[in-house]
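Colleague: Questions regarding the structure given below will be posed in turn.
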Amino acid sequence: MLHDMTSEPEQQIGVGTQDAFQRLWTPHRMAYIQGENKPTGPGADDGCPFCSIPAKSDEDGLVIKRGEQVYAVLNLYPYNGGHLMVVPYRHVADYTDLTVPETAELGALTQQAMTALRAASGAHGFNIGMNQGSVAGAGIAAHLHQHVVPRWGGDTNFMPVVGHTRVLPQLLADTRKMLADAWPSA
């Protein structure tokens with residue numbers, strides 16, 4: 001069945017034809033590429049999604065856990081299944097501008113996120129970090145957010161390199177529920 005497949009690109013004519021999975025479509029990525037949900041400016045009232053998410057229900061906002069100073073939310077454009085972010089409620093851009101309570105709770109929710117991801121998905125390791133400023137790669141530089149990306153042995157496959165896409169085996173709503181159910185009680 002797959003014996004005629006090659007890694008050579010094919011010319012697509014019209015809407016395309018069935019090709020035994022030689023092509024993966026990820027139309028949801030176009031929203032990210034075109035800047036959907038990106039703020040129009042640096043202020044909290046300039047369309048910042050991290051400022052609007054807390055007003056939504058947990059399910060609609062993909063919020064996993066709410067603390068007093070920060071919250072944990074799934075990334076709409078994840079690198080891996082379970083990729084979440086820990087975000088202060090306060091609209092602040094720089095890590096050095098966090099208060100001591102915000103910094104403490106950001107660290108505590110990051111630890112809890114790791115515990116939940118290990119329990120829910122058996123994560124073997126994590127990439128944890130922040131991109132400070134747009135020149136450092138922050139997609140939304142005006143509102144600080146820390147990424148928690150679960151990793152598994154062998155999870156780096158050919159798709160990001162060859163296919164320029166990611167394959168996620170679970171819908172975000174299902175991932176949110178799984179992690180919320182596995183979140184440790186404080």
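Colleague: Tabulate in residue order the Karplus-calculated ³J(HN,Hα) for region 86-102, using 6.51 cos²θ - 1.76 cosθ + 1.60 with θ = phi - 60°, rounded to whole Hz; enter x for Gly and Pro.
Modeller: 3J(HN,Hα) across region 86-102, in whole Hz: 10, 10, x, 5, 6, 6, 9, 8, 10, 4, 6, 8, 5, 7, 4, x, 5.
Colleague: Of H124, H145, which has the most accessible area with a 1.4 Å probe, and how do the rest follow in descending order?
Modeller: Putting H124, H145 in descending order of accessible area: H124, H145.
Colleague: Also, quick follow-up: Compute the Cα gyration tensor for region 95-155, then decide on rounded, prolate or oblate, letting a ≥ b ≥ c be the square roots of its eigenvalues: rounded whenever a/c is under 1.5, prolate when a/b is larger than b/c in the other cases, and oblate in all that remain.
Modeller: Oblate, because a/c is 1.5 or more while a/b does not exceed b/c.
Colleague: Where does each of 134-141, 45-52 land if you order them by average Cβ count within 10 Å, highest first?
Modeller: Descending packing order for the listed peptides: 45-52, 134-141.
Colleague: If you add up the charges near M114, with Lys and Arg at +1 and Asp and Glu at -1, over every other residue whose beta carbon is less than 14 angstrom from its beta carbon, what do you get?
Modeller: Charge balance near M114 sits at +3.
Colleague: Now for a separate question. Short version: what are the Cα gyration tensor semi-axes of region 55-165, square root of 5 times each eigenvalue, largest first, in whole Å?
Modeller: Computed over region 55-165, the values are 24, 17, 13 Å.
Colleague: Is region 72-121 best put as rounded, prolate or oblate by its Cα gyration tensor, with a ≥ b ≥ c the root eigenvalues, rounded for a/c under 1.5, and otherwise prolate when a/b is larger than b/c, oblate when not?
Modeller: Cα axes put region 72-121 in the oblate bin.
The values are calculated or read from the model by the stated rules, or taken from the named source; none is laboratory data. Worth saying up front: this structure is predicted, and the values here are computed from it rather than measured. Here the Cβ is made from the backbone with ideal geometry for all residues, glycine too, and neighbour counts use every protein chain on show. To get the accessible areas, we keep the full protein, side chains included, count just its heavy atoms, and leave off ligands, DNA and RNA. Shrake-Rupley method; radii C 1.70, N 1.55, O 1.52, S 1.80 Å.
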